[in-house]
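All remarks here apply to the structure that follows.
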Amino acid sequence: MIIKGLTKNYDGKKVVDDISFEIPRGKVTALIGPNGAGKSTVMGMISRLIGRTEGTVEFMGKDIREWKSRELSRKLAILTQSNHTQMKLTVRELVAFGRFPYSGSRLTPEDEKMVDQAIGYMELEEFQDRFIDELSGGQRQRAYIAMVIAQDTEYVLLDEPTNNLDIYHAINMMKTARRLCDDLGKTVVLVLHDINYAAFYCDYICAMADGKIARFGPVDEVITKENLSEIYRVDFEILEVQGKPLSIYY
Amino acid sequence: MKKWTMTAVLSVTLLVLSVLSLFIGVVSVDAASLLAGDWKQWEIFLVSRLPRLLAILCTGTGMSVAGLIMQQLCMNKFVSPTTGATISSAQLGILLALLFMPNSTLWGRAVFAFASAVVGTWIFVWFIQKISFQDVVMVPLVGIMFGNIIGGVTSYLAYRYEMTQALSSWLVGHFSMVMKGRYEIVYLVVPLMILAVVFANHFNIVGMGKDFSRNLGVHYHVVLFAGLTIVAMITASVVVVVGSISYIGLIVPNVVAMFKGDRIKGTLADTALFGAIFVLACDMIGRVVIAPYELPIELVIGILGSILFVMLLLYRLKNGRKAVRIKAAEPACCSCRMPELEGGEV
């Protein structure tokens, strides 16, 4: 996925300003940055959820706008934070929606198998007949991830997947993202607030500030004392833990 | 197999009630004389009783399915053709037809009712999407206000052109005018409901939100407005023939969802059956209570419906959004106790 000159204006104000970068295929990339840096807007634009003002998003050789919606949904899945539904669906019913881009309303035996696998992969077997609104936040998040797995896309985009999760579930979420990449060969892009999650579980980091890319590169290059202090405008200290940069801010 | 128990029970109940209803009325009709080939009785049976039953079945299934779809599309459990201005828009359409084409046939009025119900519903949904209320209760409140404004315009026009008499039969729903030759429009409900079944999953996905639909490659706005059109058409076909029937679209889907969740494919049949039973039972009560006269169905439904609605609210207050599980509580969900089937059947 190649992003060139991507810009978004809201009421004349540039929220995202002329961004260009390439999302490395088969890797986990994190978008980080302070509030209002434009991370989620970029995520929305590269997943065709929001329109853009200028620029191009080239996905597998074609601009993302030229893709047929249904075909695109077999290649790219996006999970936003706005998935807090009132609807009473069981976990299995939710996961089965992931097969919609393939079979529409009629699930084939193969679809059922994919649903089973996705549920098994997220260890949701015992919950599969429970309603999603009766689950805990962590379980619900896993159910949505299972749906994305059933959707069987090469690209998986997750907008703040660790939001509202406690440390245990957040870390498990990050491990899942890692597994999606390592075991299933997917390209994963996440918007994250916690720099250390990004540093420990991702391959590349795109740090944004004021609608622009401040730094983009492999974790080690981006997570430095100077870079982070400049982007977040607070003091940072970087320690090395298990060969990864752990940032401390105060 | 357990999945189908409820459907089976509802089907049998409906069948029994339907047969019973055919033999309730001012003129007594009984199976023995029908079998004996009594001409007079057959005539009543075919001209009045059977059409009435069919109209009731179409109304009950149609209005409850319309309510179900509307609640899903608007992502709000309190929206229905009554609280979403659909019924009042259809009534305004009928009045306009009476004003501009005084000699219009039932079909002519139906076309007006369709058009205005569709437009009214679209405007309402466009409006609530534009404002995007934080509080779920605001949406039906706005709908009720919007409906009252349209109703006000209708009343004003009706008074201004002395149409109140003519209009009254569409304001309060009743089945007493249903007879062979002047109710067939209500059959339109059947193909519309088939459409609803075909697109059930689409409606479900749209009900999960805009981003969710886009992710799965579903065109959010196309499905939303197509679904609303189906809802408006179903409602208008009922209003043209029977008049305003409130509550069903609100209560029936909510009661069924308490037992079976919100997946349209899983609840559609039960919602339709329960709706039909509810309307049929109310109509039978209306026919029996002050026989040989009869109460308009709207009145009976209003009373029973509001009682059911209060019970529904009380249940929600006590148990939150927890689903009612009919099967015995497993250790895994020990918190779901065995519920009594409060007010399940009327």
Can you compute 3J(HN,Hα) from phi for each residue in the stretch B:64-69, using the Karplus curve 6.51 cos²θ - 1.76 cosθ + 1.60 with θ = phi - 60°, rounded to whole Hz and x for Gly and Pro? 6, 5, 4, x, 4, 5
Of all trypsin sites (Lys or Arg not before Pro) in the stretch B:171-221, the ones in DSSP coil with at most 16 other Cβ atoms within 10 Å are B:Lys180, B:Arg182
Give the cross-link partners of A:Lys225 among the aspartates and glutamates, using a straight C-alpha distance below 20 Å as the criterion and excluding same-chain residues fewer than 8 apart. A:Asp194, A:Asp203, A:Asp210, A:Asp235, A:Glu237, A:Glu240
Partner shielding of B:215-227, taken as the mean number of other chain Cβ atoms within 10 Å, equals 4
Given the stretch B:229-321 reduced to its alpha-carbon atoms as identical point scatterers, what log10 I(q)/I(0) does the Debye formula return at q = 0.17, 0.24 Å⁻¹? -0.84, -1.29
For the stretch B:1-130, what is the charge dipole size about the Cα centre, in debye to the nearest 20, if Lys and Arg each add +1 at the Cβ and Asp and Glu each add -1 at the Cβ? 460
Going residue by residue through the stretch A:43-53, the Karplus relation 6.51 cos²θ - 1.76 cosθ + 1.60 with θ = phi - 60° gives ³J(HN,Hα) values, rounded to whole Hz and with x marking Gly or Pro, of 4, x, 6, 6, 10, 6, 7, 10, x, 10, 8
Report the Cα centroid-to-centroid distance between the stretch A:35-86 and the stretch A:172-229 in angstrom, as an integer. 18
For A:Asp235, what charge total do you get from the other residues with a beta carbon under 12 Å from its beta carbon, if Lys and Arg give +1 and Asp and Glu give -1? -1
Using only the alpha-carbon atoms, what does chain B span along each of its principal axes? Please give whole angstrom values in decreasing order. 61, 50, 34
Using θ = phi - 60° and Karplus 6.51 cos²θ - 1.76 cosθ + 1.60, couplings along the stretch A:194-204 (whole Hz; Gly, Pro as x): 8, 5, 6, 4, 4, 5, 7, 10, 10, 9, 10
Ratio of the stretch B:1-122's C-alpha Rg to 2.2 N^0.38 Å, to two decimals? 1.43
XL table A:Lys4/A:Lys62; B:Lys77/B:Lys210; A:Lys4/A:Lys175; Cα-Cα > 21 Å flagged, in table order, is A:Lys4/A:Lys175
Excluding A:Arg52 itself, what net charge comes from residues whose Cβ is under 13 Å from its Cβ, given Lys and Arg +1 and Asp and Glu -1? 0
Under DSSP loop assignment and at most 13 Cβ neighbours within 10 Å, longest trypsin sites (Lys or Arg not before Pro)-free interval of chain A: A:107-232
Could you put B:His174, B:His202 in order, starting from the residue whose Cβ has the fewest other Cβ atoms within 10 Å? B:His174, B:His202
Going from the fewest other Cβ atoms within 10 Å to the most, one would list B:Asp262, A:Asp220, A:Asp111 as A:Asp220, A:Asp111, B:Asp262
Residues whose built amide H sits under 5 Å from the amide H of A:Ile205, excluding neighbours closer than 5 in sequence, are A:Ala30, A:Gly217, A:Val219
Using the Cα centre as the reference, give the magnitude of the dipole from point charges on the C-beta atoms of the protein assembly as shown (Lys, Arg: +1; Asp, Glu: -1; all else neutral), rounded to the nearest 20 debye. 900
Only counting other Cβ atoms within 10 Å, I'd like B:Val26, B:Val65, A:Val115, B:Val231 sorted with the fewest neighbours first. B:Val26, A:Val115, B:Val65, B:Val231
Distribution output for chain A: share of Cα-Cα pairs per 5 Å bin in percent, first bin at 0, values 1, 6, 13, 17, 19, 16, 13, 9, 5, 1, 0, 0
Distance between the C-alpha centers of the stretch B:204-273 and the stretch B:67-130? Whole Å please. 15
Let's see if you can work this out: charge +1 on each Lys and Arg Cβ, -1 on each Asp and Glu Cβ, no other charges. What is the dipole magnitude of the stretch B:46-345 about its Cα centre, in debye to the nearest 20? 420
One quarter of the convex hull surface, Cα atoms only: what value does that give for the protein assembly as shown in nm²? 32.0
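Here, each number is a calculation from the coordinates, and none is a lab measurement. As the structure is a prediction and not an experimental result, all values here were calculated from the model. So basically every Cβ, Gly included, is an ideal-geometry build from the backbone, and we count neighbours across all protein chains shown.
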